[in-house]
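Right, one structure below, let's go through it.
The values are calculated or read from the model by the stated rules, or taken from the named source; none is laboratory data. Nothing here was measured: the structure is a model prediction, and the numbers come from that model. Note that we place each Cβ from the backbone using ideal geometry, even for glycine, and neighbour counts take in every protein chain shown.
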Amino acid sequence: MALLIHPRVLAARVARAATSPYYRYRYAPALHAVRVGLAMLASILVTTGIDIPNGIWASVTVLTVIGGLQHHGNIRKRALERALGTVLGALVGLLLLFQLHVIGSMPLTFVLMSIAAGVCGYFAIGRAGYVALLTAITICIVAGHGDSTIDMGLWRTLNVLIGIVLALAFSFALPLYATYSWRYLLARNLRDCAQLYTRIVTGAPIDEGEQLATFAALGQRLVKLRALMPSVAKEIDLPLKDLESIQHLHRSLLSALEMMSAAAQAEPHDVVSTFATGKRDAHVRTARATLIVMARSLRFGSNIGVWRPAAEAAAPAGAVPAGAVPAVAPSSGPQWVARRFAEQVDTLRMLLAQTEAYWNIERRQPARP
């Protein structure tokens, strides 16, 4: 017999799931579908409820702004571009209608509309492409083919602005931040790197097919992280170059692991001896622990800045830090790759600690350095 859940407990669980960033990340498509549907319903009720003419353009704008975008940073950018394109297009469209009423020449109106479309097309292939494209579309919405009135053009402009406001308002309802997606994907990759690294240095057998599948999954998440970076930079005001540095180190770690894995498959006994059987080597334990700590910090928002590698904390005065390259004689290929991997892991830890005030939204301070 199933146990009944008290309504208060059930409500608490639902609230926790709704406010949890990780649950939003896991069920992002469903939440986005609900949000788009509610925004569409709101646009219909607002325009139809108060009988605004041409209210369909409010719904079209809602779908244009948030229909294909789920992250808050992207929606803000798209709404700003939509607003700018709407204002420019409305002004040009109203000017076309005004000259038509004054001069009364329909052929001249068609020529001017074609020229405006050509100018927008010129800029549509540049950085402001979306603004230029929306400007041209809004000109057509407002002016039509010269058969619209100035009053109708103003109503259509108002509907587009209503759609922008509704889209922005619903983007703040259970917002889906690209920052959390970036953090969880990076945390997943770092944890998988720690597991793969442990198997390599301890001499655990690695199946070739399993290895290919693992690196394919790591590569897919790496590509997704690249696509999220512009939105993350806008959401948390972190310079894009810092995210590029993290991405570069992340990619270097995967490359080093791939070389170590290939070497382990080719000559497993030599690789195991290179790492001093893995479990007994302090630098191996430190690199593995650092990867796990970074993954936990990104996943749960714990403070990475207060954690120091065990080898660094226990080192005597004057000792070489864990992330530094010691002055030793030239080593073999696997030894160099292993030392380089440990150095990159510690460099990534320091970079994540330096930027934690930005990406760690849970512990974010009101003022940034």
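Things worth noting here:
- Unmet requirement for GLY203, which otherwise passes all of (1) assigned by TED's automatic domain parsing to the domain that holds LEU298; (2) assigned to a helix (DSSP H, G or I): (2)
- Filtered residues of the stretch 170-181 (kept if over 13 Å from ARG26 (Cα atoms) and either without any contact (Cβ under 8 Å) to a residue 12 or more places away in the chain or surrounded by 22 or more Cβ atoms within 10 Å (Cβ to Cβ) (or both)): PHE170, SER171, THR179
- In the stretch 226-241, the residues that are touching a Phe, Trp or Tyr at 6+ places or on another chain (Cβ under 8 Å), assigned to a helix (DSSP H, G or I) and surrounded by fewer than 20 Cβ atoms within 10 Å (Cβ to Cβ): MET229
- Qualifying residue in the stretch 187-196 (condition: surrounded by 16 or more Cβ atoms within 10 Å (Cβ to Cβ), more than 16 Å from MET294 (Cβ to Cβ), of a type in the set (A, V, I, L, M, F, W, C) and under 31 Å from the mean Cα position of the chain (by Cα)): no
- The lone exception for SER148 - which of (1) more than 29 Å from SER114 (Cβ to Cβ); (2) of a type outside the set (D, E, K, R); (3) surrounded by fewer than 23 Cβ atoms within 10 Å (Cβ to Cβ) it fails: (1)
- Condition met for GLU210 (acidic (Asp, Glu), free of Cβ contacts under 8 Å to residues at least 12 places away in the same chain and more than 17 Å from LEU348 (Cβ to Cβ)): yes
Quick grid of which residues meet (1) farther than 30 Å from MET229 by Cα; (2) modelled with pLDDT of 85 or more:
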residue: ILE75; (1), (2): no, no
residue: LEU80; (1), (2): no, no
residue: THR86; (1), (2): no, no
residue: LEU91; (1), (2): yes, yes
residue: GLY121; (1), (2): no, yes
residue: VAL142; (1), (2): yes, no
residue: SER171; (1), (2): no, no
